[in-house]
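Q: Please find one structure pasted underneath; my questions will follow.
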Amino acid sequence: MTTEQFASFSDNAVMFAGIVYVLATLGHVVEWAATLARPAAVRSAVETAVPVGAGAPAAASSTASPEDDQRSVRIETAGRIGVALTVVGTLLLAAGVVARSFASDPWRVPWGNMYEFTLTGALGVAAIYLALLPRMRLRWMGLFVTTFLVVVLMLANLTLEQEAGPLVPALHSYWLVIHVGAAILATGAFAVGALTAGVFLLKAGVERRGSTRLHGLLEMFPSSDALDRLSYRLHAVGFPLWTFAALIAGPIWAEYAWGSYWNWDPKEVWAFITWVIYAAYLHARATAGWKGKAAAIIALIGFATLLFNFVGINFFFGASSQHSYA
Amino acid sequence: MAVTEKAPAAAGPPQPPALSPRELLRWAWRQLTSMRTALLLLLLLALASIPGSVVPQSDVAPVDVARWKQDHPDLATVYEKLDLFSVYDSPWFSAIYLLLMVSLVGCILPRTAVYLRALRTAPPPAPRNLGRLPAYTSVESGDAPDVVLERARTALRGRRYRVSTGDGSLSGERGYLREAGNLLFHVSVIVVLVGFAYGQLFGYKGGAIVLVGNGFSNSLTQYDEFAPGTFFDPDDLPPVSFTVDDFEAEFLTEGPQQGQPVDFGADLTYVETPGDEPQDYHLEVNQPLLLDGMSVFLVGHGYAPEFTVWDGTGDVAYRGAVPFLPQDSSFASFGVVKVTGAQPEQLGFDGMFYPTYSFTMERGPFSVFPDALNPAVSLLAYHGDLGIDAGEPQSVYDLDTDAMERFEKDDGGMFRADMAPGKKVTLPDDLGAIRLDGWKRWVKLQVSHTPGKGIALTGVVLALVGLMGSLFVRRRRAWVRVVERDGRTYVEVAGLDRTTAGEGLDDEVRELAAAISGRSATATLPEDPAPEDDRKADR
């Protein structure tokens, strides 16, 4: 295949991945709608029988009527379809990302500009979600993740799309693979972590206040303790990766390419801010009065700085940042 | 100031009673070193870093700072008072991280003491009722109690528990490295800062624009910008010199990314110490020239059109190449020509160099390609006083036209000198003429030396190692009790996770029980082998 064929294959694969993700989102919407429509009594019965996320196998509640059984089947089927479609979409996206590597001569890692970072980042989020799904029972996350992926792919296509081409000379270094690869992985972990922290805040709020209209929906989610633990573990994976990407690999490359390992470039400053905030999150989890809600809010702020660094810096400081490879 | 789930003795802020000065001091120290303060300082540090990414920094982009000050003369004085142009060495930024450091040290020292004591302390004895612990199982064993206990010891040690012996029971604890990692991380942060500070104080960084064909010798006067560390002595600059022999840039000539650079590099001939044999080096973006005590980096390139200027008396008043600064990716470049020696009046020009000149009515003149395929300049011309004699330092890239008058055409329109190489344009009123002779390329080189790199790198790598230990090592306690009942031996095993994110505790307890009882992994669980009151009676 020629580079042009790879390029158009990549564009098509990404487009189809987007479409499949839309369908996956629909599957999860049906799952949620059916869950919401479930009468409250059955909900709580199922809730006691199947503590979500606790590792107990799903078992039909003995108190459920045939109608409820049918509804449970419908919820289960819709959810499974959503996950299956997410797998298909992710395979397509992976094919698109790989093809993008071969769309320039010589082949290269598929992260030379914002469009490619975004694709790879989305792939990272999808891969982390799918990898943890069976062990950590993450299906409650399905609607969020697929919606997120659809939005990100759309934005990437509409605002960031760039034709494939060779790397600019500043990126001719194997540190590109190490530095950007680690940063993308860390971003994926932080993204899923932020999602968990956000749901934790919702769920913890409801648990504190008692029933609300959202109650039925929130029963889909694991307990706030389980969410807090999961969120911590994701951040605990993301933080060392980020430390490596931003504070070790980045400075080594900067020293090599720009003659100074720390330049207070806007992107570096914001990477540092993100690091400090996630460090604050880890400390907050160990501090009386900050555990739980405050810590989760700090984690969300951390993710906001990460997003701003990724998107905002290139748009606002494009000219002055040494990282403006968009 | 530590990344664990359970901060020891994390007491809230104590209510200050009527304080003696000593107590007040102790109270202040407690406050400063509390986790809460560390947390707030961390958030404050993040907040304080923001302005430096918004306002140009004089250490990073001195040209931008000058431009910013020109554009906002009123704000500039306020900003200067607040150190907003040098946020990262400002007193208020330093205050935050110094407080953070003090808080860090104040946390590390007592925690190290606690940790060292914990290392010497045996794991706590088995609680009376093991069944109340989060993970618990009991199995029967066919062997004598001593044999079983001995096997339990081996099993616990095999799983890297530290074991202490009680009365018919064993206590095990593992995961001591978690706190060690935690302490290592925090000590390493200090090491990194020491290395960083050392580099800032004793290093230097300079930038110079060198025309292709010209030389550079490493002394202060040769730099366009130079940022020495506080304790750096310019006499210590290594006596390196080099010539930029050639510069090649290659751009994509087709496809959607047309004009994107593919490769660029400069050929240098350098002499490391005077008298050495000259050596060649091909300098590229990711291939710096690394010498003893300094490194040379290629950080940019551009065009320098060559001009000849005649003044009103008909003499050649200027001849040479003038670096123009690229304004966009097509290398349309802005620059200034100052002819101080022109008679009867000084002459000045400013305008653009277009490497591949093109013109449309909508856009006016522009460059379609970054390579010099069809070079041209378009300059405005001024006559009068350049203001250089006034003594105020001027940028070579700015023309001070306060005391100058712009040349105009007879019909009152702006006079423009639009020239392709070789073309000569005569200025109105017989005040002179200018010719574009050709063009050269220039390279922007950064020369720097950062001592303490090794310290900082070692620190940050150790910090990562420590961090992983403090996040991923799990602290766990396990207890084994062997009970004889009716001539049979029963083993109770219980476990407790001391980190919240622990998992697999149940599995571990089951596996331990299976290993200790000497039965196959699928151990039989008998009825409660020792009801609580029986056990009490035994004691």
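Q: Filter segment A:133-164 for residues that are in contact (Cβ under 8 Å) with a residue 60 or more places away in the chain, in contact with a Lys or Arg (Cβ under 9 Å, 6 or more places away or on another chain) and closer than 30 Å to A:Leu217 by Cα and give the result.
A: The answer is A:Met136, A:Arg139.
Q: Taking helices (runs of 4 or more DSSP H) that fall entirely within segment A:193-269, which contain at least 1 residues that are under 19 Å from the mean Cα position of the chain (by Cα) and within 11 Å of chain B (Cβ to nearest Cβ)?
A: Per the criteria, A:224-244.
Q: Kindly establish whether A:Val151 is closer than 14 Å to A:Tyr21 by Cα and either in a loop (DSSP other than H, G, I, E, B) or of a type outside the set (Gly, Ala, Ser) (or both).
A: Considered against the rule, which asks whether it is closer than 14 Å to A:Tyr21 by Cα and either in a loop (DSSP other than H, G, I, E, B) or of a type outside the set (Gly, Ala, Ser) (or both), A:Val151 comes out as yes.
Q: Does segment B:57-78 hold any residues that are without any contact (Cβ under 8 Å) to a residue 24 or more places away in the chain and of a type in the set (Ser, Thr, Tyr), and which are they?
A: Hit for segment B:57-78 is B:Thr77, nothing else.
Q: Hey, another quick one. Restricting attention to segment B:35-56, which residues are small (Gly, Ala, Ser) and free of Cβ contacts under 8 Å to residues at least 60 places away in the same chain?
A: B:Ala46, B:Ala48, B:Ser49, B:Gly52, B:Ser53
Q: From (1) open to solvent by 10 Å² or more (accessible area, probe 1.4 Å); (2) modelled with pLDDT of 85 or more; (3) within 11 Å of another protein chain (Cβ to nearest Cβ), pick out the condition that doesn't hold for B:Val473.
A: (3)
Q: I need a count of the residues in segment B:428-485 that are of a type in the set (Val, Ile, Thr) and closer than 30 Å to B:Arg319 by Cα.
A: Number satisfying all stated conditions: 3.
Q: If I ask for residues that are without any contact (Cβ under 8 Å) to a residue 12 or more places away in the chain and either within 8 Å of another protein chain (Cβ to nearest Cβ) or in a helix (DSSP H, G or I) (or both), which ones from segment A:279-310 would you list?
A: Result: A:His283, A:Ala286, A:Thr287, A:Ala288, A:Gly289, A:Trp290, A:Ala294, A:Ala304, A:Leu307.
Q: Something else about it: Let me confirm something: among B:Ser333, B:Ser367, B:Ser358, which residue is without any contact (Cβ under 8 Å) to a residue 24 or more places away in the chain and among the hydroxyl-bearing types (Ser, Thr, Tyr)?
A: B:Ser358
Q: Please identify the pairs in which a residue from segment A:91-114 that is under 21 Å from A:Leu149 (Cα atoms) has its Cβ atom under 7 Å from the Cβ atom of a residue that is assigned to a helix (DSSP H, G or I) and among the basic types (Lys, Arg), counting only partners at least 6 apart or on another chain.
A: As it stands, the answer is A:Pro110/A:Arg100, since those pairs meet every condition given.
Q: Go through segment B:308-321 and report how many residues are under 22 Å from B:Phe407 (Cα atoms) and surrounded by fewer than 22 Cβ atoms within 10 Å (Cβ to Cβ).
A: 9
Q: Would you check which residues across segment B:415-463 are of a type in the set (Phe, Trp, Tyr) and more than 17 Å from B:Phe334 (Cα to Cα) and list them?
A: Correct list: B:Phe415 only.
Q: Related question: Taking the condition away from chain A (no Cβ under 14 Å), crowded, with 17+ Cβ neighbours inside 10 Å, more than 30 Å from B:Val480 (Cβ to Cβ) and not charged (D, E, K, R), does B:Ile190 pass?
A: Taking the combined requirement at face value, the residue does not satisfy it.
Q: Turning to a different aspect of this structure: What number of residues within segment B:111-150 are open to solvent by less than 70 Å² (accessible area, probe 1.4 Å) and part of a helix (DSSP H, G or I)?
A: Residues that pass the stated criteria total 12.
Q: Answer with yes or no whether B:Leu298 is out of contact with any Phe, Trp or Tyr (no Cβ under 9 Å at 6 or more places or on another chain), within 12 Å of chain A (Cβ to nearest Cβ) and among the hydrophobic types (A, V, I, L, M, F, W, C).
A: Judged against the criteria, B:Leu298 is not a match.
Q: A follow-up question, please. Within segment B:36-62, restricting attention to residues that are open to solvent by 20 Å² or more (accessible area, probe 1.4 Å), in a loop (DSSP other than H, G, I, E, B) and not β-branched (Val, Ile, Thr), which residue is nearest to B:Tyr204 (Cα to Cα)?
A: B:Asp59
Q: Continuing with this model, one more query. What are the residue pairs meeting all of these: first residue in segment B:436-463, first residue closer than 20 Å to B:Val189 by Cβ and at the interface with chain A (Cβ under 9 Å from one of its Cβ atoms), second residue part of a strand (DSSP E or B) and of a type in the set (Gly, Ala, Ser), Cβ atoms under 7 Å, and 6 or more apart or on different chains?
A: Pairs found: none.
Quick grid of which residues meet (1) within 29 Å of A:Ala295 (Cβ to Cβ); (2) modelled with pLDDT of 80 or more:
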position	(1), (2)
A:Ala156	no, yes
A:Tyr174	no, yes
A:His179	yes, yes
A:Ala182	yes, yes
A:Leu214	yes, no
A:Asp228	yes, yes
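Q: Please state which one of B:Gly199, B:Gly265, B:Gly195 is of a type outside the set (A, V, I, L, M, F, W, C), modelled with pLDDT of 85 or more and out of contact with any Gly (no Cβ under 8 Å at 6 or more places or on another chain).
A: After ruling out the rest, the residue left standing is B:Gly265.
Q: Which of the residues spanning segment B:147-175 are touching an Asp or Glu at 6+ places or on another chain (Cβ under 8 Å) and either under 22 Å from B:Arg498 (Cα atoms) or outside the structural domain of B:Arg498 (by TED's automatic domain parsing) (or both)?
A: Selection gives B:Arg159, B:Tyr161, B:Arg162.
Q: Okay, next question. Among the residues of segment B:476-508, what is the count of those that are more than 10 Å from chain A (Cβ to nearest Cβ), in a helix (DSSP H, G or I) and either buried (at least 22 other Cβ atoms within 10 Å of the Cβ) or touching a residue at least 12 places away in the same chain (Cβ under 8 Å) (or both)?
A: Number of matching residues: 2.
Q: Count, please, the residues in segment B:152-202 that happen to be part of a helix (DSSP H, G or I) and of a type outside the set (A, V, I, L, M).
A: Final tally of qualifying residues: 18.
Q: When the residues of segment B:447-470 are filtered to those that are open to solvent by less than 10 Å² (accessible area, probe 1.4 Å) and in contact with a strand residue (DSSP E or B) (Cβ under 8 Å, 6 or more places away or on another chain), which remaining residue is farthest from A:Tyr281 (Cα to Cα)?
A: My answer is B:Val447.
Q: Being open to solvent by less than 50 Å² (accessible area, probe 1.4 Å) and not in a helix (DSSP H, G or I) is the filter here, so list the residues in segment A:74-125 that pass it.
A: A:Ala103, A:Ser104, A:Arg108, A:Val109, A:Pro110, A:Trp111, A:Gly112, A:Asn113
The values are calculated or read from the model by the stated rules, or taken from the named source; none is laboratory data. The structure displayed is predicted, hence computed values, not measured ones. Note that we place each Cβ from the backbone using ideal geometry, even for glycine, and neighbour counts take in every protein chain shown. SASA here: full protein model, heavy atoms, side chains in, ligands and nucleic acids out. Shrake-Rupley method; radii C 1.70, N 1.55, O 1.52, S 1.80 Å.
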